[in-house]
Amino acid sequence: MLEQVEDSDCVICGACCASFRVSFYWGETDLINPGGVPEALTEKLNHHRVVMRGTNQKNPYCLALQGEINKQVSCTIYPQRPTPCRDFLPGEAACHQARRQHGITPKLTEICA
Ligand code: SF4
Ligand code: SF4
């Protein structure tokens with residue numbers, strides 16, 4: 001049985017921000033979209049797409065992530081985060097994958113349930 005993960009777990013966890021390449025259309029950046037993703041925190045992937053700095057490497061770790069994984073974390077650009085971050089849902093398969101990658105064990109309540 002999969003661990004149940006809720007929105008409130010994210011402020012402790014942060015595993016997904018340090019597990020995947022976060023790429024998106026460059027037009028989401030504040031270069032042309034006021035209030036968009038800070039361009040300075042991105043790097044070019046190809047003609048159409050950029051990535052969050054730090055996520056296009058063997059051990060991804062988004063530069064916008066603050067804090068310590070599995071203790072207390074926050075996204076320093078939360079209101080300006082890109083689409084893939086907005087679409088990522090706690091409890092989806094990739095969430096469980098990221099948590100496993102970081103050795104985050106299921107909550108005791110779930111083990112005992
Ligand atoms: S891996 Fe899941 S629980 Fe952890 S921060 Fe991402 S969405 Fe939240
Ligand atoms: S932009 Fe924020 S939510 Fe998205 S990966 Fe980076 S730290 Fe996580």
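Here, each number is a calculation from the coordinates, and none is a lab measurement. If you're wondering where the values come from, they're calculated on a predicted model, not measured in any experiment. Every residue, glycine as well, gets a Cβ built from its backbone with ideal geometry; the counts of neighbours run over all protein chains shown.
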Exercise. Rounded, prolate or oblate: pick one for the range 10-61, where a ≥ b ≥ c are the square roots of the eigenvalues of its C-alpha gyration tensor, a/c under 1.5 means rounded, and failing that, prolate if a/b is larger than b/c, else oblate.
Key: oblate
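Hey, got the dipole for the range 1-50? About the Cα centre, +1 on K and R Cβ, -1 on D and E Cβ, debye to the nearest 20?
340
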Self-check item: Interchain or long-range residues, amide H under 5 Å from Thr29's placed H
Solution: Val37
Quiz item: What shape does the chain take by its C-alpha gyration tensor, where a ≥ b ≥ c are the square roots of the eigenvalues and a/c under 1.5 counts as rounded, a/b above b/c as prolate, and the rest as oblate?
Solution: prolate
Exercise. Taking the Cα centre of the chain as origin, work out the dipole magnitude from +1 charges on Lys and Arg Cβ and -1 charges on Asp and Glu Cβ, in debye rounded to 20.
Key: 380
Practice problem: Rounded to the nearest 500, what is the 222 nm mean residue ellipticity of the chain from helices alone, with -39500 (n - 2.57) per DSSP H run of 4+ residues and division by all residues? | Solution: -4000 deg cm²/dmol
Quiz prompt | Modelled label reach - Ser8, point 7 Å along Cα→Cβ, the range 74-105 residues with backbone N closer than 14 Å | solution = none
